[in-house]
Amino acid sequence: MANERLSNPQDALYFQSLGLAVVAFARLEWMVVWCSEKLSPGYIKTIKSKKKTAGRVAKDARCIFEQAEPSVLRHALLKGGDEFSALVIRRNHLLHANPATTEDGDQRLIDSGKPWQPSDVDAFADECTILGHQFNRIFYEHLNQC
């Protein structure tokens, strides 16, 4: 039973892109969680106990971020929260896509008839990373003193 996973058709660069995208999104999601925790102590304990999805985290964050002061911080958090919500939808399209063979013979994840090409996956991972850095900066520059 060892190495059964290797019987799947493989594209090392595509798999690397997918792996980085998953990690980039997870890091972003947890920066949103940590910002939420700083503004609403105890929030982090609800993630696993209530089996919250990324979509639920995004909705919760919006409610929490609306209460942030000063207004400049609130604006930055809400803007980032809106971007996170959009990335949650894109993440779902990626992770809930179906595997298929393209006309070129490439193995790809397909969503609504459109293959996620490596460049699409990389662009998604870059967007997650950039937004994650923004939340990280907010956390350490504004919320870590809370």
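Quick note: the coordinates plus some simple rules give every number you see, no bench work behind them. Treat the numbers as computed from the prediction; the structure is a model and nothing was measured. With ideal geometry, Cβ positions are generated from the backbone for all residues, glycine too; neighbour counts draw on all protein chains shown.
Only Cα pairs under 8 Å and at least 6 apart count here; give the relative contact order of the chain as a rounded whole percent.
36
Can you give the angle from 0 to 90° between the axis of helix 12-39 and the longest principal axis of the chain, with both taken from C-alpha atoms, to the nearest 10?
For 12-39 against the chain, the angle is about 10 degrees.
Let me check I've understood the local charge: for ALA58, count other residues with C-beta under 11 angstrom from its C-beta, Lys and Arg +1, Asp and Glu -1. What total comes out?
Neighbourhood net charge equals +1.
Taking the chain on its own, what percent of its Cα-Cα pair distances exceed 17 Å?
63
Can you give me the C-alpha center-to-center distance between region 35-73 and region 95-146, rounded to a whole angstrom?
About 22 Å separates the Cα centre of region 35-73 from the one of region 95-146.
Normalized C-alpha radius of gyration of region 65-108, against 2.2 N^0.38 Å?
This ratio for region 65-108 stands at 1.92.
Count the lysine pairs in the chain whose Cα atoms lie under 27 Å apart, taking only pairs 8 or more positions apart in sequence or on different chains.
Within the chain, the lysine pair count is 16.
Can you tell me the 0 to 90 degree angle between the C-alpha axis of helix 54-65 and the longest principal axis of the chain, rounded to 10?
20
Pick from GLU127, GLU66, GLU29 the residue whose mean-square fluctuation is largest in a GNM of the chain, springs joining Cα atoms under 10 Å.
GLU66
So which trypsin sites (Lys or Arg not before Pro) in region 1-55 are both in a DSSP loop and have at most 12 other Cβ atoms within 10 Å of their Cβ?
LYS50, LYS51
How many nm is it between the label spots at SER7 and GLU69, if each spot is 7 Å from the Cα in line with the beta carbon?
It works out to 6.3 nm between the two label points.
Below 13 angstrom from the Cβ of LYS38, what's the summed charge of the other residues (Lys, Arg +1; Asp, Glu -1)?
That works out to -3.
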